[in-house]
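The structure under discussion appears below in the form of structure tokens.
Here, each number is a calculation from the coordinates, and none is a lab measurement. All values reported here derive from a predicted model rather than from experimental measurement. When we count neighbours, we look across all protein chains shown, and the Cβ atoms used for this are built from the backbone with ideal geometry, even at glycine.
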Amino acid sequence: MQTQLEYFNLQLQNGQTFDETKCSIQSKPLFQASDYVQFAQEIYDSCQFDSFDEQRFLNILLQCTVEDMCKVNHAFLACYGCSISSCITKDCNTNFEKVILGSVQNRYTFWATQIHQTLTLSTIDVSSLCDLIIMADSNDMSAINYEYQRLYGSQIQESITFTPFSEASHFSVDKSCTKLLCAWCSQLRYGRNSIEHDVVSLNESFKAEHADYNSLIRVLCTSTQVEFKMMCEQYHTKYSCTLRAAIENVENQYLRMAAVLAHDSLLNPASCCAQILRQALTSCDYNNMLVSLAVLFRDRYSSTVGRWYDGSISSDINGFVVSSQSDWNQGVLNQIWRAE
């Protein structure tokens, strides 16, 4: 299996363009207004039967990004005077309904809502919160922060700092994970031109008796993708240890979890998506994350997530559907993640 650094280099060699602030390969729009109207008509027709035709809708969803689906919903409103969601909520399978409802709204409205719902649970799911925040690159975070402020009248950082999350027992002594998440919400990426200094500073912080992870947080939240890649290579050359392995030795388990995700996200977000998808399919308490993954990242990473998935997506989907009490359909999940 390729390492993430090898994958990064291969993309550049193949001439694919990376936006260093976004960590994702850019794509051009595929559809015109007439296409969105055609999709809207097909969805309308699928709602006219006694039961909602999920497969017909799924065929359209798999061709579109979330942004495309918003335009399809706009076309649906223009043609029929109502939204897609108003036509399907009575008959649609519960979890697939959530995917549809999430997919026909603004990506960042849905993203902000998911973060807020996670933060307002009586028992905070730290893993889900880290996944939702760390999977957002700097462009994503700007849009999420705007939507969060619009919807809830506060910044995400304030919600993280002044909710039961920050007072949970596992943060009573070391709040480094809280600091990393807040910093990630404000990530600012620029060419810092201090790779050698950063590599030494990181190593010293890992070795310190009373570890200060400010250097790690600063590097993760301000480095460009290209500089971070170079930093990882130099760290490995200088200390015969990968930066990821050094992060995996961080004592605080929640900081370790978030920092490993941040490391992987900077190099290759598809690998993060694969990790989270596997956790969602092999954990009995991660059902909501399957919906979030399908809405937020299906259009970005479904074509490549299999390369980074540890195991067989299809087998894990089968095991999940058989063992869980959820109403997920195996065929739907297989098609969403292009599982073979």
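So if R0 is 45 Å, what FRET efficiency would ARG192 and GLN63 give, r being the distance between their Cβ atoms, rounded to the nearest 0.05? Computed FRET efficiency for ARG192 and GLN63 comes out at 0.65. Taking chymotrypsin sites (Phe, Trp or Tyr not before Pro) as exposed when DSSP calls them loop (any state but H, G, I, E, B) and at most 12 other Cβ atoms lie within 10 Å, what is the longest stretch of the chain free of them, the sites themselves excluded? Counting only loop sites that pass the neighbour cut-off, the longest clear stretch is 191-340. Compute the helix-to-body angle for 94-103: its Cα long axis versus the longest principal axis of the chain, expressed 0 to 90° and rounded to tens. It works out to around 80 degrees. Pairs from the table (LYS71/LYS98; LYS207/LYS229; LYS175/LYS238; LYS207/LYS238) lying more than 26 angstrom apart at Cα are LYS175/LYS238.
Pairs of Cα atoms in the range 210-340 fall into 5 Å distance bins, from 0 up to the last occupied one, in shares of 2, 10, 18, 20, 15, 13, 11, 7, 4, 1, 0 percent. Taking GLN234, GLN155, GLN38 as the candidate residues, the one with maximal mean-square fluctuation in a Gaussian network model of the chain, Cα springs under 10 Å, is GLN38. Residues ASP50, ASP68, ASP198, ASP35, ranked from the fewest to the most other C-beta atoms within 10 Å, line up as ASP50, ASP35, ASP68, ASP198. Highest mobility in the GNM of the chain, judged by mean-square fluctuation with C-alpha springs under 10 Å and restricted to LYS179, LYS71, LYS238, is found for LYS238. If you look at the Cα atoms of the chain, you get an Rg and a Dmax of 20.9, 67 Å. The GluC sites (Glu not before Pro) of the range 169-232 meeting both criteria, a DSSP state outside H, G, I, E and B (loop) and at most 12 other C-beta atoms within 10 angstrom of the site's C-beta, are GLU209. Net length available on complete extension from GLN253 to ASN214 is 12.4 nm, with 0.36 nm assigned per residue and the Cα-Cα distance removed. Per-residue ellipticity at 222 nm from helix content only, as computed over the chain with -39500 (n - 2.57) for each DSSP H run of at least four residues, stands at -19500 deg cm²/dmol. Return one number: the angle in degrees, 0 to 90 and rounded to the nearest 10, between the long axis of the Cα atoms of helix 33-46 and the longest principal axis of the Cα atoms of the chain. Helix 33-46 sits roughly 60 degrees off the main axis of the chain.
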